[in-house]
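Each remark here refers to the structure printed beneath this line.
The values are calculated or read from the model by the stated rules, or taken from the named source; none is laboratory data. Just so it is clear, the structure is predicted and the values come from calculations on it, not from any experiment. When we count neighbours, we look across all protein chains shown, and the Cβ atoms used for this are built from the backbone with ideal geometry, even at glycine.
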Amino acid sequence: MDIFHLDATFFAFVGLVLFLALVVYLKVPGMMARSLDDRADQIRNELAEAKRLREEAQHLLAEYQRKRKEAEAEAAHIVAAAEREAQMLTAEAKKKTEEFVANRTALSEQKIKQAEAEAMKAVRSAAVDLAIAAAETVLAKQADGKVQSELFGNAIGQVKTRLN
């Protein structure tokens, strides 16, 4: 009976066989495969979700870039419109200023002409008054009272007709 000699190697072998039988009986390899398959499915789902999120992010990025370009173009249009409006306002202000200066110049020239006409009228009036006074003095020395009255009356009549 030496064949069945029980030594530590035999018991280790029997323990290993029992352990492997227990593992197969409890379906541990199937549970491990199922666990690994579940983990692989979870990883596949996470990869698909990551891919979907990446595509969505790229779509959003493209949309934001398009919107940014549109906003930049709109801003450029607004700036161009503002520049055109500023140029129009500047031209209009310049035109109004030139018109104002021209009107003021014309008004000043008109006032100057009016002042010249009034000055000429005053000079003529003074000359007439001086001429009348000189004529009175000359006539007073040369003519008698009756002739003086007639000459004075005629002179006043002529002055009135000329002034009117």
Consider only pairs whose beta carbons are under 7 Å apart and that are at least six residues apart or on different chains; among these, list those whose first residue lies in region 104-128 and is at pLDDT 90 or above and whose second residue is acidic (Asp, Glu) and part of a helix (DSSP H, G or I). none
Scan region 14-25 and report the pairs whose first residue is surrounded by 10 or more Cβ atoms within 10 Å (Cβ to Cβ) and whose second residue is modelled with pLDDT under 90 and part of a helix (DSSP H, G or I), with Cβ atoms within less than 9 Å and a gap of 6+ or a chain change. Leu22/Val28; Val23/Pro29
